Amino acid sequence: MQQHVKIPQDRIGVLIGEGGETMRRIENRAGVRLDIDSENGSVAIEQVGDPVDALKGPDIVQAIGRGFPPEDALTLLDDEMRMFDLIDIDAAARNKRDRKRKKGRLIGEDGRTRELMEELTGSSVVIYGSTLGVIGGPEQVQIVREAAERLLDGAPHGSVYAFLERKHNELKRKGMDYHRYPGGT
C-alpha cells in the first residue's frame, strides 16, 4: 500500500535531515519507505513494516511539512491515541489581509497565544503558512481546535484564555497524562 503527501519545498530539507538522517529515523520507526521528489514536494509513503505504525507515516510527513520539528512529529508513534490535526486559516478568512489578521490572532503577541494553547493542553501547536497544526491526544486536539475556532470567529483573547484555563483544570481533574510544554512555567 502506498500513499502520497505533498509538502512545501522549504520543508523538504527538514524531512530529509542532514545526510538523510531524519528520513531514515521516520522509515525505521514507522515501518515505511519514503520516496521524496524534491522537485515538486511529493512524498510517496510505502508500508514495509508494522501496518499500525505505518498508518501514522503520512501524518508524520504531513506534520513536518506543516512546520513541526521531526521530534514532535515522531511523537505520533509514542501512543496510538496521539493524533495530528490541521486547521485551515484560509477557510475562515475573506482575503489576504483578513488571513494575516486571523493568523496574528492565533499567534498572539510575541507568540503568547500559541504558547498558551500548548502549555494549557499539553499538545504541540505550530502555525505555518495558512494552517494551524496540532499534535496531541484526541481531547487535547479538540480543545486547541475549539480555542482556535473561537479566535478565528473573533472572540476576545481573554475569553479564549479563560476557556483554555477551564479545560486545563478539567484535564488535571481527570488525571490526564500530558507533557507540559518545556518552555512553560
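Could you please find all residues in the stretch 49-64 being surrounded by fewer than 19 Cβ atoms within 10 Å (Cβ to Cβ) and in a helix (DSSP H, G or I)?
Listed by number, the residues that qualify are Pro51, Val52, Asp53, Pro58.
Report, by residue number, each residue of the stretch 15-48 that is surrounded by fewer than 17 Cβ atoms within 10 Å (Cβ to Cβ), in contact (Cβ under 8 Å) with a residue 24 or more places away in the chain and at negative phi.
Once the filter is applied, which keeps residues that are surrounded by fewer than 17 Cβ atoms within 10 Å (Cβ to Cβ), in contact (Cβ under 8 Å) with a residue 24 or more places away in the chain and at negative phi, the stretch 15-48 yields Arg25, Ser38, Asn40, Ser42, Ala44, Glu46.
On the basis of being farther than 13 Å from Arg82 by Cα and either within 16 Å of the chain's Cα centre (by Cα) or at pLDDT below 95 (or both), does Ile143 make the cut?
yes
So is Glu109 open to solvent by 50 Å² or more (accessible area, probe 1.4 Å) and either under 12 Å from the mean Cα position of the chain (by Cα) or within 18 Å of Thr75 (Cα to Cα) (or both) or not? Steps first, answer last, please.
Values: open to solvent by 50 Å² or more (accessible area, probe 1.4 Å): yes; either under 12 Å from the mean Cα position of the chain (by Cα) or within 18 Å of Thr75 (Cα to Cα) (or both): no.
No; evaluated as a whole, the condition is false for this residue.
What number goes with the only condition from (1) surrounded by 19 or more Cβ atoms within 10 Å (Cβ to Cβ); (2) out of contact with any His (no Cβ under 8 Å at 6 or more places or on another chain) that Gly122 does not pass?
(2)
State which residue pairs qualify: first residue touching a residue at least 60 places away in the same chain (Cβ under 8 Å) and inside the stretch 126-137, second residue of a type in the set (S, T, N, Q) in any location, beta carbons under 7 Å apart, and separation of 6 or more residues or different chains.
So the pair list comes out as Ile135/Thr75; Ile135/Ser123; Ile135/Ser124.
Rundown of residues vs (1) modelled with pLDDT of 95 or more; (2) over 29 Å from Glu165 (Cβ atoms); (3) in contact with a helix residue (DSSP H, G or I) (Cβ under 8 Å, 6 or more places away or on another chain), yes/no style:
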position	(1), (2), (3)
Gln3	no, yes, yes
Ile12	yes, yes, no
Leu15	yes, yes, yes
Asn40	no, yes, no
Gln62	yes, yes, no
Thr75	yes, no, no
Ala93	no, no, yes
Lys96	no, yes, no
Thr113	yes, no, yes
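Taking the options Leu74, Leu55, name whichever one is without any contact (Cβ under 8 Å) to a residue 24 or more places away in the chain and farther than 21 Å from Leu151 by Cβ.
Working: Leu74 fails: without any contact (Cβ under 8 Å) to a residue 24 or more places away in the chain.
After ruling out the rest, the residue left standing is Leu55.
Read through the list (1) modelled with pLDDT under 95; (2) surrounded by fewer than 14 Cβ atoms within 10 Å (Cβ to Cβ), then give the number of the only condition that Tyr178 fails.
Exception for Tyr178: condition (2).
The values are calculated or read from the model by the stated rules, or taken from the named source; none is laboratory data. Since the structure is predicted, the reported quantities are computational estimates derived from the model, not experimental observations. Please note: Cβ atoms are built from the backbone with ideal geometry, for glycine as well, and neighbour counts cover all protein chains shown. The area values use the complete protein model at the heavy-atom level, side chains included, leaving out ligands, DNA and RNA. Shrake-Rupley method; radii C 1.70, N 1.55, O 1.52, S 1.80 Å.
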